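Enquirer: First the structure, then my questions, so here it is.
The values are calculated or read from the model by the stated rules, or taken from the named source; none is laboratory data. All values derive from a computational prediction rather than experimental measurement. When we count neighbours, we look across all protein chains shown, and the Cβ atoms used for this are built from the backbone with ideal geometry, even at glycine. Just the protein is used for accessible areas: all its heavy atoms, side chains included, with ligands, DNA and RNA removed. Shrake-Rupley method; radii C 1.70, N 1.55, O 1.52, S 1.80 Å.
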Amino acid sequence: MYTYRTLTAGLLALTFAGLGMTTLVKEWKSGMVWPEPEVITPGDSNAPPSDAIVLFDGSNLDAWKGGEKWKIEDGYAISQGGGIATKEKFGDIQLHLEWASPEKVTSRGQGRGNSGVYFMGQYEVQILDSYENETYFDGQAGSIYKQSPPMVNACRPPGEWQTYDIMWTAPRFEEDGSVKSPAVITVIHNGVVVQNNYELQGTTHWHKPPGYVKHAETGPISLQFHGNPVRFRNIWVRNIQPIVGEMPVEETETVTEN
Ligand code: MG
């Protein structure tokens, strides 16, 4: 759809200075009718925006099943005694969380600051102290466990707070259980993209290859306990969905012949 504007009415014109020529340019508009994007208030310094669901603000783990097992101290939660999972279930989301591996290094490889954040309870983004710590690359911090290493190692030293900002698109399944579209993930570790629209091969495991088994459209977010006291703080999530517009149907004249 094109609209025309005149030279004198806030027009867009290209002037070919050297030639002294002026050419009118037509503005292009898609014609789509969009709903107005909702106004929200963004948070400062990683604080949750106004439309976020806060999963942990430093005070309690009431939003989590198993949260009573973890210790809360000075505004952060320390993993111990088993994993925890959100009571609420999610589909496509943006997740923010902050974690810190133990300051005192007592082990190596996968035994150093190991935890993990699972989407829909079964797809793990690895949490690990990967600072000057050798391990298999698709098991480093920011990896999709045993599927995709992080593109770079953006890990901070042990004990320092680190951020994950993760965009998760849930997999879709056909009626017969086959995959309609795989899960897609983007992971930003300490402000650095380490997974960019990665299409998952399926669920993540230590003992077997990835694979998909049809599941519900939503599932919990869970945090792993892997024997190490990993600290967490400032965890929030937003449900995300594309904004949908529509193209108006053009009215056509009906001519009736008598
Ligand atoms: Mg792990």
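Enquirer: Mind ranking Met32, Met247, Met120 by accessible surface for me, highest first, 1.4 Å probe? Each step should come with its number before you reach the end.
Expert: Numbers: Met32 60, Met247 105, Met120 15 Å².
Largest accessible area first, the list is Met247, Met32, Met120.
Enquirer: Rank His207, His189, His96 by mean-square fluctuation in a GNM of the chain with C-alpha springs under 10 angstrom and give only the top-ranked residue.
Expert: In the Gaussian network model the winner is His207.
Enquirer: Okay, next question. Take every Cα pair under 8 Å in the stretch 92-226 that's 6+ residues apart, average their separations, divide by the length, and report that relative contact order as a whole percent. Before the final figure, lay out the partial values.
Expert: On the way: 312 pairs, mean separation 36.4, N = 135.
About 27 percent, as a whole number.
Enquirer: Rounded to the nearest whole Å², what accessible area per residue is found for the stretch 73-194 with the 1.4 Å probe?
Expert: Details: 4990 Å² over 122 residues.
With the other protein chains kept in place, the stretch 73-194 gives 41 Å² per residue.
Enquirer: Going by a ≥ b ≥ c, the root eigenvalues of the Cα gyration tensor, does the chain fall in the rounded group (a/c under 1.5), the prolate group (a/b larger than b/c) or the oblate group?
Expert: Values: a/c = 2.33, a/b = 1.90, b/c = 1.23.
The shape class here is prolate.
Enquirer: Ok, one more. Considering amide H positions built from the backbone, and no H for Pro or chain starts, which residues 5 or more places from Phe56, or on another chain, come under 5 Å of its amide H?
Expert: Ile235
Enquirer: For the chain, what relative contact order do you get, as a whole percent, if you take Cα pairs closer than 8 Å and at least 6 residues apart?
Expert: Working: 566 pairs, mean separation 64.9, N = 258.
Relative contact order, the chain: 25 percent.
Enquirer: Please find the FRET efficiency linking Val54 to Thr22, where r is the Cβ-Cβ separation and R0 is fixed at 35 Å, and quote it to the nearest 0.05. Mind showing how you got there, number by number?
Expert: Details: r = 56 Å, r/R0 = 1.60.
So, using R0 = 35 Å, E works out to roughly 0.05.
Enquirer: Separate question: Under 16 Å between alpha carbons, and skipping anything fewer than 8 positions from Lys65 in its own chain: which lysines qualify?
Expert: Lys87, Lys89
Enquirer: Would you kindly find the accessible area of Glu132, with a 1.4 Å probe and non-protein molecules such as ligands, DNA and RNA excluded, rounding to the nearest 10 Å²?
Expert: We get 150 Å² for Glu132.
Enquirer: Looking at the chain as a GNM with Cα springs under 10 Å, which of Pro149, Pro242, Pro42 has the largest mean-square fluctuation?
Expert: Pro242
Enquirer: Report the local net charge at Ala47: Lys and Arg +1, Asp and Glu -1, summed over other residues whose C-beta lies under 15 Å from its C-beta. Show your work: numbers first, answer last.
Expert: Details: positive: Arg233, Arg238; negative: Asp44, Asp51, Asp57, Glu98, Asp165.
Here the charged neighbours net out to -3.
Enquirer: Ignoring ligands and nucleic acids, what accessible area does Trp161 show with a 1.4 Å probe (Å², nearest 10)?
Expert: Around 60 Å² of this residue is reachable by solvent.
Enquirer: Now for a separate question. Per-residue counts of other Cβ atoms within 10 Å, averaged by peptide: what ranking do you get for 193-205, 225-237, highest first? Numbers along the way, then the final one.
Expert: Values: 193-205: 17.9, 225-237: 20.7.
By packing density, highest mean first, the sequence is 225-237, 193-205.
Enquirer: Moving on to the next point. Given 0.36 nm per residue, what is the gain on full extension from Asn197 to Arg172 after removing their alpha carbon distance, in nm? Write down the numbers at each step before the final one.
Expert: Working: separation 25, 0.36 × 25 = 9.00 nm, distance 1.56 nm.
Full-extension gain reported as 7.4 nm.
Enquirer: Here is a further query. With all protein chains present and a 1.4 Å probe, how do Asp62, Asp92 order by accessible area, largest first?
Expert: Values: Asp62 100, Asp92 30 Å².
Putting Asp62, Asp92 in descending order of accessible area: Asp62, Asp92.
Enquirer: Same structure, new question: For Glu88, Glu217, give me the order by solvent-accessible area with a 1.4 Å probe, most accessible first, ignoring ligands, DNA and RNA.
Expert: So, going from the largest accessible area down, we get Glu217, Glu88.
Enquirer: So what is the relative contact order of the stretch 46-87, in percent, for Cα pairs below 8 Å that sit 6 or more residues apart? Before the final figure, lay out the partial values.
Expert: On the way: 47 pairs, mean separation 14.4, N = 42.
Here the relative contact order equals 34 percent.
Enquirer: Would you kindly find the accessible area of Leu223, with a 1.4 Å probe and non-protein molecules such as ligands, DNA and RNA excluded, rounding to the nearest 10 Å²?
Expert: Accessible area of Leu223: about 10 Å².
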